1. Just name the residue that is farthest from Pro328 (Cα to Cα) out of those in the range 339-379 that are part of a strand (DSSP E or B) and in contact with a helix residue (DSSP H, G or I) (Cβ under 7 Å, 6 or more places away or on another chain).
2. I need a count of the residues in the range 147-169 that are closer than 16 Å to Arg288 by Cβ and under 15 Å from the mean Cα position of the chain (by Cα).
3. Determine whether Ala10 is in contact with a helix residue (DSSP H, G or I) (Cβ under 6 Å, 6 or more places away or on another chain) and within 19 Å of Val310 (Cα to Cα).
4. Applying the selection to the range 256-269, what residues are at pLDDT below 95 and either in contact with a Pro (Cβ under 9 Å, 6 or more places away or on another chain) or in a strand (DSSP E or B) (or both)?
5. Can you tell me which of (1) under 16 Å from Arg234 (Cβ atoms); (2) crowded, with 20+ Cβ neighbours inside 10 Å is the one Ala171 doesn't meet?
6. State yes or no: is Leu54 away from ligand 1 (no atom under 16 Å from the Cβ) and surrounded by 12 or more Cβ atoms within 10 Å (Cβ to Cβ)?
7. Among the residues of the range 361-383 satisfying the criterion of being over 17 Å from Leu395 (Cβ atoms) and in contact with a strand residue (DSSP E or B) (Cβ under 8 Å, 6 or more places away or on another chain), which is least open to solvent (accessible area, probe 1.4 Å)?
Amino acid sequence: MNLTRIKGFADVLPGDVEAWQRIERAAERVFASYNFKEIRIPVLEKSELFSRSLGESTDVIEKEMYTFADRDSKATLLSLRPEGTAGVVRAYGEGKLHQVEPVRKLYYLGPMFRRERPQKGRLRQFHQIGAEVFGRTDPYVDAELLLLLRDLWEDLEVTDTVLEVNSIGCAECRPGYRAALVAFLEERRAELCADCDRRLENNPLRVLDCKRPSCGGIVSAAPSILSHLCDDCRSHFDTVLELLRDLRPEPVVNPRLVRGLDYYCRTTFEWKAGAGLGSQNTVAAGGRYDGLVQSLGGPPVAGVGFALGVERLALLLSEGDTNESGAPLLYLAWMGEAAQRWTFALAHRLRRRGRRVDLEGEARSLKSQMRRADKQGASVVLIVGPDEMERGRALVRHMATKEQTEVDFADVEESLG
Ligand code: ATP
Ligand code: MG
């Protein structure tokens, strides 16, 4: 076929999709237990929403967005959303959600688009499940989000994870840290990579985040943000750590952990997979963004949230766990037109009772129907041919034991439903 999918865009085929469904169901359950409500927002937004919320000097804005002019209004640039927070913040303000109740716990789920180099765990269309809490400045909610993620891992039986946390201060204390960091990096400027050389000018904290080993070596000796926190940020962070004292795995404080996006303050975190994902091993990331809502024209409410990568999480679910595909399959094998009509109608009645039922649409030998039933993992096959039609009794074959019984047409629904 000449028409193939585009680079970095993936199909999720049956066999793989079960892991996704398991993740989505688990997320719905866990979010509900923390009293989150779902929000659904568009995939396409005005580009300006993202450049204003993420900051012009981020990789996402500089080189990763899918942006185009709309046909009839060339002046307005549109972008496929590269992340969910900006759209949720816009919707929170635009839908005036704060007027009814300023504190909102929202979650979303859906595709995001970034034009990055595709590799394992990194696509151009990928999927996130994200949470945003508006209107709460207290450290309890930061801790609650991390407990929620832990509950999700537990539900999905994902073990072997590492949680890294940090505080990146606020508008009051970060400038002091930024100056100390710039002074430190200026002295080693010649050894930094070209990207970091640029970052030093417009977004120096992001040098801490550089994935190149040479830059990593330099920043390991850089001054720590934690010794620059103001009293309020310090006590906020201490309380978060205190509330997570019993969390397993124990959070690891990583003073070099900053977020690539400009709007974060105070608590930031990344939840990584211990093994199995290679270098793209961050499954969930998030933190606080207290000034964002207001800076996008909304009310002055605080925000805190996270986003997790569904593709990466799906890679962590073990095969055996994900192959379950719902209720056992009942297969109706038929021979002859009368039996076809009868099984067709029976299938409908059983499906309405919640059974998973399938049957052929064209005449096939009993042998080939049995083979198909087996291949699809049917637990029971009901067999109806001309003889059975005449006697008003069907054969019931249990696939695991190969045991065969007979059942009266009148009792079929009761005994199989
Ligand atoms: P990374 O450092 O891995 O590029 P990021 O900082 O760009 O991550 P965020 O914007 O915080 O990532 O997104 C949160 C999560 O979404 C990531 O931890 C990851 O699981 C997932 N994610 C981000 N970009 C991609 C992508 N291109 N393909 C698949 N998953 C992704
Ligand atoms: Mg990235």
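The values are calculated or read from the model by the stated rules, or taken from the named source; none is laboratory data. As the structure is a prediction and not an experimental result, all values here were calculated from the model. Because the Cβ atoms are built from the backbone with ideal geometry, glycine has one as well, and the counts that use them run over all protein chains shown. The accessibility values were calculated without ligands, DNA or RNA, using every heavy atom of the protein model including side chains. Shrake-Rupley method; radii C 1.70, N 1.55, O 1.52, S 1.80 Å.
1. Once the filter is applied, the top-ranked residue is Leu359.
2. Residues meeting the conditions: 2.
3. No, not satisfied.
4. Hit for the range 256-269 is Cys265, nothing else.
5. Only one criterion is unmet by Ala171, namely (2).
6. no
7. Only one residue fits best here, namely Gly377.
Let's see how each residue does on (1) open to solvent by 60 Å² or more (accessible area, probe 1.4 Å); (2) of a type outside the set (A, V, I, L, M, F, W, C):
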| site | (1), (2) |
| --- | --- |
| Arg349 | yes, yes |
| Val396 | no, no |
| Thr405 | no, yes |
| Leu416 | no, no |
